[in-house]
1. So residue 80 clears everything in (1) surrounded by 14 or more Cβ atoms within 10 Å (Cβ to Cβ); (2) touching a residue at least 60 places away in the same chain (Cβ under 8 Å); (3) in a strand (DSSP E or B) except one condition, right? Which one?
2. State yes or no: is residue 98 among the polar types (S, T, N, Q), surrounded by 12 or more Cβ atoms within 10 Å (Cβ to Cβ) and in a helix (DSSP H, G or I)?
3. Residues being touching a Phe, Trp or Tyr at 6+ places or on another chain (Cβ under 9 Å) and within 11 Å of residue 169 (Cβ to Cβ): count how many of those fall in the range 180-190.
4. Just give me the residues in the range 19-69 being among the aliphatic types (A, V, I, L, M) and not in a helix (DSSP H, G or I), in sequence order.
Amino acid sequence: MKRIFSALIADEFQYCIYELICPETMAIMYVGMSKNPQARFRAHQKGDEKSTIAFFKKNKLNKRKVVFKIRMWGLSKSEAIQKESEIIEHYKGIGMCSLNTYIGHTPLTKKPEIKLLPRQVKMKATRRAQCQSGAEKNRLAGYNESRKKAIVDQFGNTYESIRDCERKTGCHRPSIGKVLRGEYQQTNGYVFRRANA
């Protein structure tokens with residue numbers, strides 16, 4: 001029991017804070033936290049972290065190795081998050097950590113809100129009302145049922161659905177639908193009607 005408890009404690013305090021340092025200027029460019037720093041550094045090198053891709057590519061082209069330094073270790077997850085936030089804030093204050101886009105788990109820049117046009121707002125409200133009333137569900141159910149109804153061509157061939165008709169005749173689904181609705185007289189030499197019509 002003691003071994004299990006000590007293993008759990010050891011597992012909890014495995015987080016570290018690391019720094020990525022520019023080999024040219026020796027400025028701290030990025031601060032992060034990890035349970036497995038070696039794997040995390042490899043992930044940065046591969047380009048798994050969007051904010052550091054360009055930095056690693058630039059140094060690779062100039063044949064320079066990014067300096068990877070572990071600043072603290074033996075931290076719990078909550079301690080690591082807190083310390084990482086404090087360090088990033090400190091370095092941002094002195095003009096470093098330019099590659100960090102988050103402080104802790106909070107993004108530094110908010111996405112700009114997209115303003116909708118008046119007609120888009122109206123359409124959104126209408127769609128929401130339709131969904132709440134169940135009208136949209138009924139409309140889709142009716143549409144799906146209509147697609148499953150059998151179709152007959154002028155030669156007397158029967159097709160289970162529009163999809164089946166498209167597969168067997170080579171006509172496009174939208175064109176078949178338009179012939180059935182009376183918008184087109186024919187498509188690819190075929191005239192279609194509903195089997196029960």
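1. Unmet for residue 80, out of (1) surrounded by 14 or more Cβ atoms within 10 Å (Cβ to Cβ); (2) touching a residue at least 60 places away in the same chain (Cβ under 8 Å); (3) in a strand (DSSP E or B): (3).
2. Details: among the polar types (S, T, N, Q): yes; surrounded by 12 or more Cβ atoms within 10 Å (Cβ to Cβ): yes; in a helix (DSSP H, G or I): no.
No; evaluated as a whole, the condition is false for this residue.
3. Let us first name the residues in the range 180-190 that are touching a Phe, Trp or Tyr at 6+ places or on another chain (Cβ under 9 Å), namely 180, 186, 190.
Next, from what is left, pick out any that are within 11 Å of residue 169 (Cβ to Cβ): 190.
So the answer is 1.
4. The initial filter retains those residues of the range 19-69 that are among the aliphatic types (A, V, I, L, M), namely 20-21, 26-29, 31, 33, 39, 43, 53-54, 61, 66-67.
Once the filter is applied, which keeps residues that are among the aliphatic types (A, V, I, L, M) and not in a helix (DSSP H, G or I), the range 19-69 yields 20, 21, 26, 27, 28, 29, 31, 33, 66, 67.
Yes/no matrix, rows are residues, columns are (1) at pLDDT below 90; (2) of a type outside the set (S, T, N, Q); (3) not assigned by TED's automatic domain parsing to the domain that holds residue 88:
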| site | (1), (2), (3) |
| --- | --- |
| 102 | yes, yes, no |
| 125 | yes, yes, yes |
| 137 | yes, yes, yes |
| 145 | yes, yes, yes |
| 148 | yes, yes, yes |
| 153 | no, yes, yes |
| 163 | yes, yes, yes |
| 169 | no, no, yes |
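The values are calculated or read from the model by the stated rules, or taken from the named source; none is laboratory data. Keep in mind that this is a model prediction, so the values were computed, not measured. Because the Cβ atoms are built from the backbone with ideal geometry, glycine has one as well, and the counts that use them run over all protein chains shown.
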